[in-house]
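Comments concern the structure below.
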Amino acid sequence: FELDDLVPNVADIVPTRTPVPTATPGLVVEGVEELVQETGLSGKTLLWLEYADWINLGISLLYVLIAYLIGTWLIRWLLPRLVRRTKTVLDDRLLQTSGSELRWLAVVVILGFSTNRLDFVSADVKTRLADTYFLLAMGLGSLMLWRLINLAAQQARDRADKAGQREGAESLITLFTWALRLIVIVFAVSLSLTYFGVNITGFAV
C-alpha cells in the first residue's frame, strides 16, 4: 500500500459548498410588489436599491426587532412570574443562567430567516451570513449548555454539603463536570465540521 491510498484527499474531506439558494417569494414579498406597482414605484430606485427592496429590508428589520422584544418580554416578565409560583429555586436559577442566551438565540434564528427572504442579497453573501449566524447560534447554545453543567455541578455540591459528604463527592462531581464539558465540545466541533461540509470520518483518519 502507498501512503496516498491511506491518507484521504483534501477534496474528499472539505468539498466545495453550494451557496444558499434564493428563497421563494412569500405572501409578504408578493404584497410588497403589488404595493409598489399600485403606487407607481415599481422599477424605481432610491440610492442603490429599488423601493420594493427597501420595504422588504424594513420588514426584515421589523421581524428581528419583534423577536428581540418578544424574547425580552418572555425573559424579564412572563417567565419570572411563572417560576415564582413554584416552590423550588432550580427553575429560577435555570432562567438566570440561560435566559439571556435563549433570547439572543431566538434573535439569531429570526435574523437568518429575515436575511434569507431578501432577494437583492446575493447567494454568496447569504451563504457567508448563514455561516456567521450558525457560528453565533452554536456559540450561544454551547454557552447555555456549559452554564447548565456548572449549575448542575453546583446543585450536586449543595446536596453533598447538606448530606455532609462534600469531601468524598467533590472528585466525582469534578469528573462528571469535565466529562460533560468534553461532550459539549466534541458535539459542537463535530456539528460545525458537518455544517461546513467537512467529512468527519476522513478528517479523523
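Remarks
- Number of residues in segment 117-163 that are open to solvent by less than 50 Å² (accessible area, probe 1.4 Å) and of a type outside the set (Val, Ile, Thr) equals 22.
- Qualifying residue in segment 99-113 (condition: open to solvent by less than 30 Å² (accessible area, probe 1.4 Å), assigned to a helix (DSSP H, G or I) and either farther than 26 Å from TRP146 by Cβ or aromatic (Phe, Trp, Tyr) (or both)): no
- The set of residues in segment 30-70 being under 12 Å from PHE120 (Cβ atoms) and in a strand (DSSP E or B) consists of THR45, LEU49, GLU50.
- Pairing residues of segment 107-136 that are over 24 Å from ALA52 (Cα atoms) with residues that are open to solvent by 40 Å² or more (accessible area, probe 1.4 Å) and modelled with pLDDT under 90, at Cβ distances under 7 Å and at least 6 apart in sequence or on separate chains, gives PHE134/TYR195.
- In the condition set (1) open to solvent by 50 Å² or more (accessible area, probe 1.4 Å); (2) modelled with pLDDT of 80 or more, TRP48 is compliant with all but (2).
- Residue ID - surrounded by the fewest Cβ atoms within 10 Å (Cβ to Cβ), chosen from residues in segment 9-41 that are of a type in the set (Gly, Ala, Ser) and modelled with pLDDT of 75 or more: GLY40
- The requirement of being among the small types (Gly, Ala, Ser) and farther than 22 Å from LEU148 by Cα is satisfied by ALA123.
- Residues that are touching a helix residue (DSSP H, G or I) at 6+ places or on another chain (Cβ under 7 Å), free of Cβ contacts under 8 Å to residues at least 12 places away in the same chain and over 30 Å from ALA130 (Cβ atoms) within segment 149-205 comprise just one, ARG166.
- Per-region count, segment 103-132, residues β-branched (Val, Ile, Thr) and over 14 Å from LEU61 (Cβ atoms): 5
- Restricting attention to segment 92-148 and to residues that are charged (D, E, K, R) and closer than 23 Å to ARG181 by Cβ, the residue that is modelled with the lowest pLDDT turns out to be ARG93.
The values are calculated or read from the model by the stated rules, or taken from the named source; none is laboratory data. Just so it is clear, the structure is predicted and the values come from calculations on it, not from any experiment. All Cβ positions, glycine included, derive from the backbone under ideal geometry; neighbour counts span all protein chains shown. Accessible surface is based on the protein model in full, side chains and every heavy atom, while ligands, DNA and RNA are left aside. Shrake-Rupley method; radii C 1.70, N 1.55, O 1.52, S 1.80 Å.
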